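A short write-up of the structure that comes next.
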Amino acid sequence: MRASESDILILPGMGGGTPDHWYNRWAQKLSTARRVEQRDFDRPHFEEWAARVEDAVAAARRPVILVGHSMGAVTACLIGADLPNVAAAMLVAPSSPRVLLTLEGVDPAFAHRPQRRVDFPCLLVASRNDPYATYEESTERASALGATLVDAGESGHINPDSGHGPWPEGLMRFAHFLGQVKPPEILSFARTGRDRLGRHEGRRNRDDRAEGGGDRNEFHRGERRRQQDDRHENAGQHRAAHDPQKKRQTPHDPVSN
């Protein structure tokens, strides 16, 4: 899959990142990439951040690739299973729940939401000396997410402060990963689901599951049933069109009720 075939959504971390941050450089360098802006980057609120990402994914017209760092990566980790039309994600240095609970101005919901598996290819890039997550914590998150863990060595928080402004190694890794990704086979499936459920349905389902309710596969089963019903209906119409007895009728034939 090429970058030009996707909508690359950049999910910045807390503070939104300086102009020389690697993800802001990527947003400028990659023609189909754009940042997902938050109302308040300094005091992250889970529902607000999740809604902005959901809206950006819903507005995409091509398969979505998520690229998140720190708090942006955490957001993608927590809502990824609810997002339609996502082909892949590269999530860098997500902060651990333990650390999130100690950060001033951060909504505790980021730490308390359960981590669920995603059904698209995902890389989780982790540093061995990240002050916001131990390597063991990142390993646990990657396992729960169903992501491939990438060992970035001793790279700090993988931001300009740790010497990762341009981060060419990360861009090369992203390009290689993207080349292995296959786009969703039927994009209209995701869009049909979005139209049927409404742009806020993912938020409601996410809350239901957080409370112990909901079923992550319910929509997919419903969609398959709808498609099967459509096929049966079309088959019935085809048989009716080729029924010899019905062919003998004309518009003037009496039809009994």
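Could you check the range 122-153 and list, in sequence order, the residues that are surrounded by fewer than 19 Cβ atoms within 10 Å (Cβ to Cβ) and assigned to a helix (DSSP H, G or I)?
135, 136, 137, 139, 140, 143, 144
Does residue 67 qualify as being under 16 Å from the mean Cα position of the chain (by Cα) and in a helix (DSSP H, G or I)?
For residue 67, the condition - under 16 Å from the mean Cα position of the chain (by Cα) and in a helix (DSSP H, G or I) - is not met.
Per-residue answers, yes or no, for (1) small (Gly, Ala, Ser); (2) surrounded by 22 or more Cβ atoms within 10 Å (Cβ to Cβ); (3) over 23 Å from residue 9 (Cα atoms); (4) modelled with pLDDT of 95 or more:
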position: 77; (1), (2), (3), (4): no, yes, no, yes
position: 80; (1), (2), (3), (4): yes, yes, no, yes
position: 84; (1), (2), (3), (4): no, no, no, no
position: 93; (1), (2), (3), (4): yes, yes, no, yes
position: 105; (1), (2), (3), (4): yes, no, yes, yes
position: 110; (1), (2), (3), (4): no, yes, no, yes
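Among the residues of the range 71-119, write down those that are more than 29 Å from residue 5 (Cβ to Cβ) and either touching an Asp or Glu at 6+ places or on another chain (Cβ under 6 Å) or not in a loop (DSSP other than H, G, I, E, B) (or both).
The answer is 96, 97, 98, 99, 100, 109, 110, 111, 112.
Name the single residue, out of those in the range 154-166 being open to solvent by 70 Å² or more (accessible area, probe 1.4 Å) and free of Cβ contacts under 8 Å to residues at least 60 places away in the same chain, that is nearest to residue 114 (Cα to Cα).
This residue is 154.
Find all pairs meeting these conditions: Cβ atoms under 7 angstrom apart; at least six residues apart or on different chains; first residue within the range 115-144 and over 15 Å from residue 98 (Cβ atoms); second residue of a type in the set (Ser, Thr, Tyr) and open to solvent by less than 20 Å² (accessible area, probe 1.4 Å).
124/138; 127/155
Residues being of a type in the set (Gly, Ala, Ser), within 21 Å of residue 160 (Cα to Cα) and out of contact with any helix residue (DSSP H, G or I) (no Cβ under 7 Å at 6 or more places or on another chain): count how many of those fall in the range 86-145.
The total comes to 2.
Going by the structure shown, is residue 28 free of Cβ contacts under 8 Å to residues at least 12 places away in the same chain and of a type outside the set (Gly, Ala, Ser)?
Yes, satisfied.
Does residue 113 qualify as being farther than 15 Å from residue 45 by Cα and of a type in the set (Lys, Arg)?
Against the criterion (farther than 15 Å from residue 45 by Cα and of a type in the set (Lys, Arg)), residue 113 does not qualify.
The values are calculated or read from the model by the stated rules, or taken from the named source; none is laboratory data. Remember, it's a predicted structure, so these values are computed and weren't measured experimentally. Cβ coordinates were reconstructed from backbone atoms using ideal geometry, including for glycine residues, and neighbour counts include every protein chain displayed. For the accessible areas, the whole protein counts, side chains as well, though only heavy atoms, and no ligand, DNA or RNA atoms are used. Shrake-Rupley method; radii C 1.70, N 1.55, O 1.52, S 1.80 Å.
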